[in-house]
1. So if I check each of Arg170, Arg229, Arg202, Arg181, which one is among the basic types (Lys, Arg) and buried (at least 23 other Cβ atoms within 10 Å of the Cβ)?
2. Got at least one residue in the range 128-140 being open to solvent by less than 10 Å² (accessible area, probe 1.4 Å), of a type in the set (Gly, Ala, Ser) and out of contact with any strand residue (DSSP E or B) (no Cβ under 7 Å at 6 or more places or on another chain)?
3. Kindly check whether there is at least one residue in the range 163-173 that is in contact with a strand residue (DSSP E or B) (Cβ under 8 Å, 6 or more places away or on another chain) and part of a helix (DSSP H, G or I).
4. Tell me, which residue of the range 263-322 that is charged (D, E, K, R) and within 15 Å of the chain's Cα centre (by Cα) is least open to solvent (accessible area, probe 1.4 Å)?
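The values are calculated or read from the model by the stated rules, or taken from the named source; none is laboratory data. These numbers come from a predicted model, not from an experiment. For neighbour counting, all protein chains shown are included, and Cβ atoms are generated from backbone atoms with ideal geometry for every residue, glycine included. Accessible surface areas use protein heavy atoms only, side chains included; no ligands, DNA or RNA. Shrake-Rupley method; radii C 1.70, N 1.55, O 1.52, S 1.80 Å.
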Amino acid sequence: MKAVVMKEVGGTDVMELVECPEPVAQPGHVVVEIAAAGVNFMDIGVRQGMAWTEIPNPKVLGVEGAGRAIAVGDGVDELGVGDRVAWAYAPGSYAQRHSIPAASLVKIPDAIDDATAASVMMQGLTASHFATDFYPVQAGDIALVHAAAGGVGLLLTQIIRLKGGRVIGRVSSEDKVAGARKAGAEHVIVDTEGQFADEVLRVTGGEGVNVVYDGSGPKTFKGSIDALRRSGTFCWYGPVLGGPGPLDIMSLPKSIKIGYATYMDHVHTHELLLARTKQLFEWIEDGSITLTTGGVYPLADAARAHADMASRATTGKLLLIP
């Protein structure tokens with residue numbers, strides 16, 4: 001079986017396609033033939049030594065994907081051989097096959113293909129959490145969505161619109177404007193230097209937005225604060241680009257609320273995983289949300305996918321096909 005490992009912490013040159021032992025169906029696990037694996041900024045963070053430091057190198061990268069069950073371990077009753085399944089977090093997913101805890105898997109509806117299922121899991125669950133639990137969007141709310149043409153940004157924009165909210169999107173280049181608008185952003189700001197707050201205030205008549213979703217790193221932190229209205233909410237995520245540094249909480253203006261949204265809080269129970277993915281699948285099936293594929297790569301080209309994602313030149317979801 002082939003899989004992509006990182007030999008050590010470093011750049012894309014530390015990634016290699018290698019032969020690995022075939023996985024076995026341990027108790028409580030399901031062996032899956034992987035049809036598509038999702039690429040996420042989390043994977044880049046792992047490669048750069050920001051996470052999974054307790055797992056020795058070389059280790060298989062990737063956490064997300066979709067495929068078909070080919071073996072089922074003892075104690076697994078809800079899944080069987082032949083079932084199509086998807087998952088958002090199972091370390092070691094850049095592979096042809098993988099043994100995954102059954103509690104991490106959801107069944108894929110017949111109307112949804114494997115690539116779509118793999119595309120919506122992590123980023124869809126993230127966007128759903130942001131707009132449902134972290135800040136429950138209400139009709140009439142205005143949100144500022146950074147990286148609005150990225151995988152999370154496109155889904156988040158659509159979910160906010162489904163809830164009756166309005167979106168101001170920020171993108172890094174003119175060629176991403178159309179995608180953000182298609183997803184439902186009413187206004188799109190092109191900015192690479194963190195100079196967007198004045199335009200947000202102009203668009204909102206000086207009031208600012210109810211909520212900011214910012215995974216763009218330290219450069220945008222101050223602008224995001226400035227773009228908020230009184231008692232607004234700042235959702236900070238995406239550790240790969242670094243944090244804002246120490247904060248003096250007594251210096252925060254306008255009674256704003258700042259929080260750091262981590263993936264493990266999005267679906268912290270199996271029941272919540274099932275409920276959130278069911279909603280996402282239903283939205284896809286009825287056309288309420290659509291997925292944008294930004295690139296499909298052979299498993300052997302995982303390093304190129306990482307480089308393309310890090311360049312911020314891509315839009316939508318990147319997939320690896322074993």
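1. Arg170
2. Checked against the condition, which is being open to solvent by less than 10 Å² (accessible area, probe 1.4 Å), of a type in the set (Gly, Ala, Ser) and out of contact with any strand residue (DSSP E or B) (no Cβ under 7 Å at 6 or more places or on another chain), the range 128-140 yields at least one hit.
3. Taking the range 163-173 and keeping what is in contact with a strand residue (DSSP E or B) (Cβ under 8 Å, 6 or more places away or on another chain), we get 165-173.
Filter once more, keeping what is part of a helix (DSSP H, G or I): none.
So far as the range 163-173 goes, no, none of its residues is in contact with a strand residue (DSSP E or B) (Cβ under 8 Å, 6 or more places away or on another chain) and part of a helix (DSSP H, G or I).
4. Out of the qualifying residues, it is Lys317.
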